[in-house]
């Protein structure tokens, strides 16, 4: 198959000559005048590369990069830039661009970069295909399990962001696993093996905040008998997790902004700057834009952090994942407590899928622990407060989803255990939007 290239250039003459030269180099080129046209053609299955001018009217190259990576974070985007825009292109590389080339360029050089990008893209798509066929789960899928689109997208974005060295912001409600995401970003990055220092911004002692973060020299304040490294200095070469950054006092936010911009700190009681090699990951249970609007968070710090953002969905946004997630948590708990796995009746799993989980994964994990230890699981109840027909539908959907998960996606066992015909099961799965591939354990998948 001829390698495919989307070429976005608003200058008609430049677009035509570049497209012709790339076609002579052996590429199938689609020459486009705007980024909007590229968005309609590039998707998760696109087997090629995107080449875009960085300066264009309307949607520029940087905006196009962000929009494309919302569709697929692993889509290779090559930016074409003028000499004065090289720092911007370098920033784009940190944000996930595959590469950039400076004008005026030799077409052979651009062709070489495109070939590397297309080879990389082919490997990405082949790995996805093999994982889908084999049902294979990598380490990130084991840490962040789920087959719903929101979780697949989260893992794709996480892999793309982890490969860069950009600071990251992880947003999600309480209990969804924001620290799990942060540790995965560290472990998949070139900084693996270096320090990972977690700082709870809501629990920092008010009187010692600066000393805790920046360190101090002897005599800097009463009781400072010896010099001391702060947490930022202790983490040099690694990652600092700023947990619940929205709780950080405003006066400290200004000092953090300087650290993020300059990668330099000064210990209390000293005038000598200390250079830092750090990556910062911040978490927040609410959108920081709301805190900016209420005056509780600095706008300049918000824009400094709002580059590589990961949204971790609550369980309410991925109910189909709940039965399988609970099965995994039960297995992990049984291994931790060295106990035999207990059988999980479909009715129990249906109750899990039907109820609300304000504490998200943390609450579900606690229930798995109690289940493994043989404690009360009577709290698993069907949703209430709705019309009878709605409650019946919720219960029926949950019961079928639970049975699919309990039987590993083997549909014959499902309809036999429920006492219904194969046709009825298929009709109800279609009615409730159930996909056995989203509910079945990959290791147990088989045709019915």
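Quick notes on this structure:
- Kirkwood hydrodynamic radius of region 248-337, from the reciprocal of the average inverse Cα-Cα distance over all distinct pairs: 16.8 Å.
- Region 277-330 - Debye-derived log10 I(q)/I(0), Cα point model, q = 0.26 Å⁻¹: -1.04
- Once Rg and the Kirkwood radius are both taken over the C-alpha atoms of region 1-62, their ratio Rg/Rh works out to 0.95.
- Per residue, the average separation of C-alpha pairs within less than 8 Å and at least 6 apart gives region 141-311 a relative contact order of 30 percent.
- Taking the fewest neighbouring Cβ atoms within 10 Å as the starting point, the ordered list for 357, 303 is 303, 357.
- Calculated [222 nm] ellipticity per residue, helices only, for the chain: -14000 deg cm²/dmol; basis is -39500 (n - 2.57) per DSSP H run with n ≥ 4, divided by all residues, nearest 500.
- Annotation: the antiparallel percentage among DSSP beta bridges lying fully within the chain is about 10.
- Among 178, 285, 338, the largest mean-square fluctuation in a Gaussian network model of the chain, built with springs joining Cα atoms closer than 10 Å, belongs to 338.
- Take every Cα pair under 8 Å whose residues are at least 6 apart in sequence, average their separation, divide by the length of the chain, and the relative contact order is 12 percent.
- Surface/4 of the Cα convex hull for region 193-263, nm²: 5.2 nm²
- Each peptide among 399-412, 312-325 gets the average number of other Cβ atoms lying within 10 Å of its residues, and from highest to lowest they stand as 399-412, 312-325.
- Ranking of 229, 302 by neighbouring Cβ atoms within 10 Å, starting from the fewest: 229, 302.
- Normalised per residue, the volume of the convex hull around the Cα set of region 141-311 (Å³): 117 Å³
A short reminder: the numbers here are calculations on the coordinates, not readings from a lab. Model, not experiment: these values are computed from the prediction. Positions of Cβ are generated from backbone atoms using ideal geometry, with glycine treated the same way; all protein chains shown enter the neighbour counts.
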